[in-house]
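What follows is a single structure, written as structure tokens, with notes after it.
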Amino acid sequence: MYSRGLSTKEPLKLGGNAVQFQAGSVATLATLVGYCGALARGYGDHLDIAIFETLISSIDTRGPALIGYQYSGRVMTRNAPGAARAYPSGTYMVKDGYAQIGHHSLEFFPRALKMLGNPEELSDPAMGTPAGQLDDGLRGIFDAYFLPWCLERTKQEMFFKGQAANVLCGPVNTMADIANDIHFKEREFFVNIS
């Protein structure tokens, strides 16, 4: 939690039900391991899953913060809302919902441009530099092109364009999206249990 929220205020929890989903995922895995152990040994175990412990042991943001501290001695800081970060990165509104893009290195930016069709409006080489990725003016130019581009495409269109350009991106699916996903259908992922 330390890395979330304003630096002048108390830390914030992750938005929505992310904490419960993380704890539920860990509890599910622990239950399956316990079940397999019971099958192998002939007796079960008592499982006590604490939400706090599932989060404190999670690699999500905590691991990188601890490793960063170990190597640099610096404590992770909280950035103000809208503070500069590499772009495009995050969750974006598209024609039929939302899609997410992960941006983790400078090698990513040329791929993002390829996904967009290498538009002339975004040809400034400074955009792909470390300083350019943190420049609010250049980010504004990028967003002026990218945000309308997103709104003209569906989640799946953005996903397939990203996939073709080796961009880490994907749809933020609803339950209906998951139930109708072509990959799950082709693999007969969901089955009726009677």
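For region 96-122, which positions are open to solvent by less than 80 Å² (accessible area, probe 1.4 Å) and either of a type in the set (Ser, Thr, Tyr) or at pLDDT below 85 (or both)? Result: GLY102, HIS103, SER105, LEU106. If you go through region 125-146 and keep only what is aliphatic (A, V, I, L, M) and open to solvent by less than 70 Å² (accessible area, probe 1.4 Å), you end up with ALA126, MET127, LEU138. Taking each residue of region 1-30 that is farther than 12 Å from ILE51 by Cβ and looking for partners that are exposed (fewer than 12 other Cβ atoms within 10 Å of the Cβ) and at pLDDT 70 or above with beta-carbon atoms closer than 6 Å, six or more apart or interchain, yields ALA30/LEU47.
The criterion of being under 22 Å from GLU10 (Cα atoms) and either open to solvent by 90 Å² or more (accessible area, probe 1.4 Å) or at pLDDT 85 or above (or both) does not hold for TYR43. Candidates are the residues of region 158-171 that are open to solvent by less than 60 Å² (accessible area, probe 1.4 Å) and of a type in the set (A, V, I, L, M, F, W, C); the one that is nearest to the chain's Cα centre (by Cα) is CYS169. Screening MET93 with (1) at pLDDT 80 or above; (2) part of a loop (DSSP other than H, G, I, E, B) gives one miss only, at (2). Give region 151-190 a look and list any residue that's polar (S, T, N, Q) and either touching a residue at least 40 places away in the same chain (Cβ under 8 Å) or closer than 19 Å to GLY102 by Cα (or both), or say none. Selection gives THR154, GLN156, GLN163, ASN166, ASN173, THR174.
The values are calculated or read from the model by the stated rules, or taken from the named source; none is laboratory data. As the structure is a computational prediction, the values presented were derived from the model and not from experiment. Every residue, glycine among them, receives a Cβ derived from its backbone with ideal geometry; neighbour counts consider all protein chains shown. Just the protein is used for accessible areas: all its heavy atoms, side chains included, with ligands, DNA and RNA removed. Shrake-Rupley method; radii C 1.70, N 1.55, O 1.52, S 1.80 Å.
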